[in-house]
Structures are given as structure tokens and as C-alpha cells.
Amino acid sequence: MTEPSTSPQPSSSLPASYLRTTSDAYDAVAVLYSDLFRDSLDSLPLDRAVLAAFAELARATDAGPVAELGCGPGHLTAHLRGLGLDVHGVDLSPVMIGLAREAYPDLRFEAGSMTALDLADGTLGGIVSWYSVIHVPPRELPPYFSEFRRVLRPGAAFLLGFFEAEDGPVAAFDHKVTTAYRWPIDDLAALARQAGFVEVGRMLREPLDGERYRRGHLLMRAR
Ligand SMILES: C[S@@+](CC[C@H](N)C(=O)[O-])C[C@H]1O[C@@H](n2cnc3c(N)ncnc32)[C@H](O)[C@@H]1O
């Protein structure tokens, strides 16, 4: 496995050990991850469709800039920019952020945790979290949605991509980078509702060759 030549420490003292584990794990695989997934959307028409729906909603509300939280090497942030959004990326892994800045120098990327965003209340017009809360232990997830709701304006769009647990309940699995969790889509929708979101729609996609689990996508608005 190719590894980055440097592994800087996460930018802030992280409050929970799983965050440190996640950051270190993504630092270690960042180059490989970037090479594997840079062009992945090209062969995922349903994923592109749900991202296009998100972008249309965010543009229509014109509620302000959009953030991709847990942006990894930035290819999805760049895709959202291509859909006409004023978007920046945030990621816990400093190596991922370095790669994103190198690949997309015209876009803004910040190292940090989506648990404590450096943003005032109600400043964003949209958030995409694309497979970026998958490593959060289930009990720890509600504050993430509260933080997302805090920084969004009323009416702003929120798109969540995740691994679905079709038979429920929420379950840990051996994700290649570090432990991850599959969620029943209704449970995630309920958690988001409790944090102040209204569901706009949902999309489930069956696993493709080489994928293990069904993919879930929830499109929401901030109340
Ligand atoms: C599976 S990758 C997804 C990356 C990108 N969204 C994509 O679709 O390719 C998960 C990313 O979320 C980031 N991440 C996990 N927890 C985070 C947190 N609390 N704050 C910011 N980024 C986080 C990881 O560092 C990793 O880059």
C-alpha cells in the first residue's frame, strides 16, 4: 500500500479517541484512497443524481455557501463546484486536506472536525456528509447532526450518504480503513428529525460488484 511520506498530527486536541483513530487511519491511506476514488462518481449515475438533486435544492434556496464535511481528498467537493455551488471542504485528516489542496488549488479546504465547526450559527446554505459519519459510534452521532443544524440557515439543504443496514439494527462492520457502522435508513432519518431536519426524500441503491452493502442517501432541509 502506498503511504504518504509525512503523517502530521491532527490540528487540534481531539476530544474522543475514535476521532484520533479515524484521523490516523485516513492519514495512512490517503494517497491510496485518493487514487482509488478520484473518478469513482463517473460510474455511479444514481449517486450523481442524488448529488444533482442536492445541488438544485441548494441553488434554488440560495441560502449561502455549502460545505462538504469529511471531504477526504476533495473529488466530491470539486464535483459539487462543477454543479455550480460555492463549496468548501473540511476533513479531520491533515494528509487528506493536503492532497485535496494539491489536486484542487482553486477550492478551499480546511483541516478540522465536523463536531466543532469554525462557523457562526446559520451561515451555511447546505451540507453534504458523504460517507463521513460512518465511523462515528452510534451513541456519539446525535451531536453531529446538532452541529450541522447549528451552522445551517433555515431551509438549507443537507445530504447524508451512508451504508444501509437493510435488516437493522445499526451494526458495526470491518470497513477497510477503520470500524464503521451501517444504519437502518429510518433510524438515521429519525435522528436527523430530532436535530431539526425535515426529510425531502431518500434514495437506496443496491451494492454494485465489489461493494458489500446497500447505500443509503437522505436528502433533508433544516427546519
Ligand atoms: C469514507 S471517507 C469519505 C470521503 C469523501 N467524502 C468521499 O466520499 O470520498 C470519510 C472521511 O471523513 C473524514 N472524517 C471522519 N470523521 C470526521 C470528523 N469528525 N470531522 C471531519 N472529517 C471527518 C475522514 O477523515 C475521511 O476523510
Here the percent of antiparallel bridges among DSSP beta bridges lying wholly in the stretch 102-223, to the nearest 5, is 70 percent
Here the percent of antiparallel bridges among DSSP beta bridges lying wholly in the chain, to the nearest 5, is 50 percent
Heavy-atom accessible area per residue of the chain, all protein chains kept, 1.4 Å probe, expressed in Å², is 46 Å²
Computed, not fitted: 222 nm per-residue ellipticity of the chain from DSSP H runs ≥ 4 (each -39500 (n - 2.57)), nearest 500, equal to -10500 deg cm²/dmol
Answer in debye to the nearest 20: the dipole magnitude of the stretch 17-222 about its Cα centre, from +1 Lys/Arg and -1 Asp/Glu charges placed on Cβ, is 380 debye
Computed over the Cα atoms of the stretch 115-206, the Rg and Dmax in Å are 13.3, 39
Descending accessible area (1.4 Å probe), largest on the left, turns Leu119, Leu57, Leu188 into Leu119, Leu57, Leu188
Any residue on another chain or 5+ positions along whose placed amide H is under 5 Å from the amide H of Val87 is listed here as Val66
Once phi for every residue in the stretch 93-105 is put through the Karplus expression 6.51 cos²θ - 1.76 cosθ + 1.60 (θ = phi - 60°), the whole-Hz ³J(HN,Hα) values, with Gly and Pro written as x, are 8, x, 5, 4, 5, x, 5, 5, 5, 5, 6, 10, x
For Tyr181, the accessible surface traced by a 1.4 Å probe with all protein chains present amounts, in square angstrom to the nearest 10, to 40 Å²
Under a 1.4 Å probe, counting only protein heavy atoms, Thr115 has an accessible area in Å², nearest 10, of 50 Å²
The distance between the Cα centres of the stretch 50-125 and the stretch 151-206, in whole Å, is 19 Å
For Arg150, Arg108, the accessible-area ranking with a 1.4 Å probe, largest leading, is Arg108, Arg150
Computed from the beta carbon distance with a Förster radius of 41 Å, FRET efficiency for Thr179 and Thr123 to the nearest 0.05 stands at 0.80
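With Cβ to Cβ distances under 13 Å as the rule, what net charge do the other residues near Phe37 carry (K, R +1; D, E -1)?
Once positives and negatives cancel, what remains is -3.
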The stretch 120-135 scanned against label point 7 Å out from Arg153 along Cα→C-beta; backbone N under 12 Å for 122-126
So, with points 7 Å from each Cα along the Cβ direction, the Glu140-Arg214 label distance in nm works out to 2.7 nm
Rounded to a whole %, the carbon-and-sulfur portion of the accessible area of the stretch 17-222 at a 1.4 Å probe is 51 percent
Around Pro138 (Cβ within 11 Å, Cβ-to-Cβ, excluding Pro138; K/R +1, D/E -1) the net charge comes to 0
Gyration tensor on Cα atoms of the chain, a ≥ b ≥ c root eigenvalues, a/c under 1.5 rounded, else prolate if a/b beats b/c, else oblate, says rounded
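The values are calculated or read from the model by the stated rules, or taken from the named source; none is laboratory data. All values reported here derive from a predicted model rather than from experimental measurement. Note that we place each Cβ from the backbone using ideal geometry, even for glycine, and neighbour counts take in every protein chain shown. Accessible surface is based on the protein model in full, side chains and every heavy atom, while ligands, DNA and RNA are left aside. Shrake-Rupley method; radii C 1.70, N 1.55, O 1.52, S 1.80 Å.
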